[in-house]
Structure formats: C-alpha cells, structure tokens
Amino acid sequence: MKRSVIGFLLILFSISAMQVAQAQVCVGMSAAGLEKKADPHLESISKYAGQYGVDADMVKAVIAVESCYNTSAVSPKGAQGLMQLIPSTAARFGVADSFNSIQNISGGTRYLSWLMKRYNGDLYKAIAAYNAGEGAVDKYQGIPPYNETQHYVRRVLTVYNRLNGGAVALPAVSAMDAVGVSHRKGGRVSSVFYSPFGAGKPGRSGLRANRARAPQLYKR
C-alpha cells in the first residue's frame with residue numbers, strides 16, 4: 001500500500017515538473033516563437049478575445065504559461081487543456097470538453113474577462129486569481145503569498161510584455177500586493193511597501209515615486 005502511494009506521488013511530481021518545464025520553454029521564447037505556437041489557434045483566440053473584451057495577447061500569454069499550447073495537458077490538480085481549466089470552472093463557463101481547443105479557449109477567455117471585471121481591470125489580481133482562485137486574492141487583497149502564484153503572475157506578464165512590446169511592471173516576488181501589505185509584529189501593525197518594479201526607495205517616498213511612474217497600477 002505504502003509503495004503504491006509513493007509511486008502515485010512520484011507520478012504526480014513528475015507530471016507537475018514536466019508541465020513547469022514546458023511552461024518555462026514558452027516563457028523563454030521570442031515573440032516570433034510564441035506567435036508561431038499560437039498560430040494554429042489564432043482564429044479562436046481572436047474571436048473570443050474580441051467577444052469577451054480581453055486583449056488577445058493576454059490570452060496567448062496565459063496559454064503559453066499554462067500549457068505551452070499543449071491541447072492535451074493535464075495538471076496534478078485536474079486542470080485540462082490549453083488554458084488548464086479545472087472541471088468546475090469549465091462547467092461554470094459553458095465548456096463541455098476541455099480538450100476541445102475551441103471550447104477551452106472560449107471558456108478560459110470568458111473566465112479572464114470575468115476576473116478583469118471583478119477586479120476593475122487590475123491585471124495583477126485577475127492573473128493571480130486565474131491561478132489561485134478568487135478566494136485567495138480576496139483574502140490577501142492582492143497577489144497571495146504563494147510562491148507558485150507570485151511566479152505565475154510574473155511569467156504571464158513577461159510573456160504578455162514580449163508579445164505586445166509593452167512594459168507592464170512585474171510585481172516583486174515577495175509582494176502580497178502591488179502597493180503594500182500590513183504585518184503584525186509584537187502586537188503592533190507596521191506597513192511595508194513593496195515596489196512593483198522590484199527595486200527603488202522604501203516607504204512612502206518609494207510609493208509616491210512608483211505611483212508617478214505607473215499610475216495605472218495604483219488605481220483603487
């Protein structure tokens with residue numbers, strides 16, 4: 001019994017490691033390479049991006065990080081297809097077959113659109129929620145302090161910037177929120193500022209400086 005459990009865990013670990021490796025391959029690709037990967041699915045991406053009001057490059061970035069365009073990808077948690085929809089999310093957004101690339105892109109893009117509206121266009125929160133769920137983002141009022149989710153947001157935005165030539169600031173890996181979080185120490189609450197640029201002045205002066213550089217990231 002113990003051997004079978006260990007064997008099962010090893011299989012899950014190997015699947016997870018393989019998918020992370022695949023995602024890393026796409027994250028490291030040039031814009032031209034990413035566009036070539038997206039080409040077989042471009043019609044569906046363009047159609048549903050337009051229908052649900054999502055930037056097509058954001059859909060491409062999410063697919064690249066989620067599955068590296070592997071239509072048959074399955075995660076250890078049961079997420080399926082190009083945009084790695086778990087069964088409950090697939091059902092929620094009208095997807096009957098997550099391995100059908102057209103249905104998968106439709107459902108995943110619709111979910112992204114829903115998240116963007118829920119978080120008033122906040123890319124950090126929407127992307128984090130796509131990975132960790134709305135509950136986690138709501139609980140921490142920003143990117144949850146989960147290593148996987150923090151790196152996920154950075155990967156998606158890295159690919160997105162590469163595709164559209166943009167310069168959306170990457171959140172610091174240690175940040176729970178793009179602006180700051182509160183930490184309780186010895187009964188006292190102290191506010192800590194984390195720069196979304198990964199460096200810069202600390203405290204309020206840093207907050208003011210970075211807000212001036214990227215005001216769109218600090219809208220409430």
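The values are calculated or read from the model by the stated rules, or taken from the named source; none is laboratory data. On a predicted model such as this, the values are computed, not experimentally measured, just so you know. As a convention, Cβ positions derive from the backbone with ideal geometry for all residues, glycine included, and neighbour counts pool all protein chains shown.
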> Does Val54 satisfy being surrounded by 13 or more Cβ atoms within 10 Å (Cβ to Cβ) and not in a loop (DSSP other than H, G, I, E, B)?
Replying inline: no
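Any chance the range 10-30 includes a residue that's touching a Gly at 6+ places or on another chain (Cβ under 9 Å), at pLDDT below 95 and either more than 17 Å from Ser101 (Cα to Cα) or part of a loop (DSSP other than H, G, I, E, B) (or both)? Outline the logic, then answer.
Kept after step one, since they are touching a Gly at 6+ places or on another chain (Cβ under 9 Å), are these residues of the range 10-30: 26.
Within this subset, residues satisfying the condition of being at pLDDT below 95 are 26.
Now narrow it down to the ones that are either more than 17 Å from Ser101 (Cα to Cα) or part of a loop (DSSP other than H, G, I, E, B) (or both): 26.
Yes, some residue in the range 10-30 is touching a Gly at 6+ places or on another chain (Cβ under 9 Å), at pLDDT below 95 and either more than 17 Å from Ser101 (Cα to Cα) or part of a loop (DSSP other than H, G, I, E, B) (or both).
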> Looking only at the range 78-112, which residues are touching a residue at least 60 places away in the same chain (Cβ under 8 Å) and among the β-branched types (Val, Ile, Thr)?
Replying inline: Ile105, Thr109
> List the pairs whose first member sits in the range 152-169 and is closer than 22 Å to Ala132 by Cα, whose second member is of a type in the set (Gly, Ala, Ser) and surrounded by fewer than 19 Cβ atoms within 10 Å (Cβ to Cβ), and whose Cβ atoms are under 6 Å apart, counting only residues at least 6 apart or on separate chains?
Replying inline: Ala169/Ala214
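Here is a yes/no grid of residues against (1) out of contact with any Phe, Trp or Tyr (no Cβ under 6 Å at 6 or more places or on another chain); (2) under 18 Å from Thr149 (Cα atoms):
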| site | (1), (2) |
| --- | --- |
| Lys77 | yes, yes |
| Pro87 | yes, no |
| Gly94 | yes, no |
| Asp97 | yes, no |
| Ile102 | yes, no |
| Ser113 | no, no |
| Tyr119 | yes, yes |
> If you check Val65 against the conditions, is it buried (at least 18 other Cβ atoms within 10 Å of the Cβ) and under 17 Å from Leu112 (Cβ atoms)?
Replying inline: yes
>> Restricting to the range 63-74, name every residue that is more than 15 Å from Gln24 (Cβ to Cβ) and assigned to a loop (DSSP other than H, G, I, E, B).
In response: Thr71, Ser72
>> One residue is enough: does the range 113-124 have a residue meeting the conditions touching a residue at least 60 places away in the same chain (Cβ under 8 Å), in contact with a His (Cβ under 7 Å, 6 or more places away or on another chain) and not acidic (Asp, Glu)?
In response: no
>> Just to be sure I understand the filter: pairs with C-beta atoms under 6 Å, separated by 6 or more residues or on different chains, first member in the range 35-48 and part of a helix (DSSP H, G or I), second member aromatic (Phe, Trp, Tyr). Which pairs pass?
In response: Lys37/Tyr69
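So, Ser106, is that one surrounded by fewer than 24 Cβ atoms within 10 Å (Cβ to Cβ), at pLDDT below 95 and of a type in the set (S, T, N, Q) or not? Show your work before the answer.
On the way: surrounded by fewer than 24 Cβ atoms within 10 Å (Cβ to Cβ): yes; at pLDDT below 95: no; of a type in the set (S, T, N, Q): yes.
So Ser106 does not fit the description; no.
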> Looking at Gly142, is it buried (at least 22 other Cβ atoms within 10 Å of the Cβ) and at positive phi?
Replying inline: yes
